[in-house]
Amino acid sequence: GNSVTQMEGPVTLSEEAFLTINCTYTATGYPSLFWYVQYPGEGLQLLLKATKADDKGSNKGFEATYRKETTSFHLEKGSVQVSDSAVYFCALIGQAGTALIFGKGTTLSVSS
Amino acid sequence: NAGVTQTPKFQVLKTGQSMTLQCAQDMNHNSMYWYRQDPGMGLRLIYYSASEGTTDKGEVPNGYNVSRLNKREFSLRLESAAPSQTSVYFCASSESKAEANYGYTFGSGTRLTVV
């Protein structure tokens with residue numbers, strides 16, 4: 001079945017550092033890929049998405065590129081801020097998908 | 001504000017008690033979902049409703065029932081709560097299964113503790 005694997009955290013960075021959170025997936029066909037963010041005490045918010053191979057999703061300085069050849073969708077940001085501290089979830093939905101399938105989440109902590 | 005509203009936000013139950021978690025959306029979405037979030041497990045799908053009048057099991061349906069009361073409301077019921085159901089529960093909605101590529105809108109969650 002379809003699944004998502006993302007790097008385990010926590011990830012601890014200083015402000016203005018470069019961020020990468022790895023995400024790989026297993027799916028048949030061409031799934032759509034997402035990154036969601038969860039701030040403390042809140043629900044999940046859609047951060048960015050890509051619906052076909054080689055698409056780049058971007059939002060708030062975050063980027064991720066849909067790589068079909070490596071089945072990956074790594075999240076990157078060039079310069080993180082304290083306000084980026086949150087839990088980040090990689091997710092997919094298959095072509096004939098029922099619902100979003102989530103990775104286990106990666107906690108990011110940014111200090112000033 | 002438009003979005004997904006969940007009630008209650010917090011609840012403590014004793015083992016064996018029953019309760020219903022409420023969810024309502026005002027975006028005229030067709031599809032609605034219930035997930036549970038546990039440490040180190042991510043979010044797992046409990047039940048979903050692709051459209052009004054239909055419901056289907058997800059990955060972890062045991063111990064739960066759902067009702068799609070109308071297009072706006074999708075409730076989750078625990079008939080006899082167990083400590084293993086201690087979790088944070090999220091409701092979400094989307095235009096439809098086909099339009100799920102546009103992403104889901106999530107509620108703010110219900111934190112349930114079963115003692």
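Each reported figure results from applying straightforward, stated rules to the coordinates on display, with no laboratory input. Nothing here was measured: the structure is a model prediction, and the numbers come from that model. Ideal geometry is used to build each Cβ from the backbone, glycine not excepted, and the neighbour counts take in all protein chains shown.
Details
- 2 or more residues of a type in the set (S, T, Y) and at the interface with another protein chain (Cβ under 9 Å from one of its Cβ atoms): qualifying strands (runs of 3 or more DSSP E) within the range B:19-115: B:31-38
- Candidates A:Y25, A:Y30 - the one that is closer than 30 Å to B:T55 by Cβ and surrounded by fewer than 15 Cβ atoms within 10 Å (Cβ to Cβ): A:Y30
- One residue alone among A:L46, A:L92 is more than 17 Å from A:A17 (Cα to Cα) and facing chain B (nearest Cβ under 9 Å), and that residue is A:L46.
- Residue count for the range A:64-112 under the criterion of being loosely packed, with under 14 Cβ neighbours inside 10 Å and β-branched (V, I, T): the result is 2.
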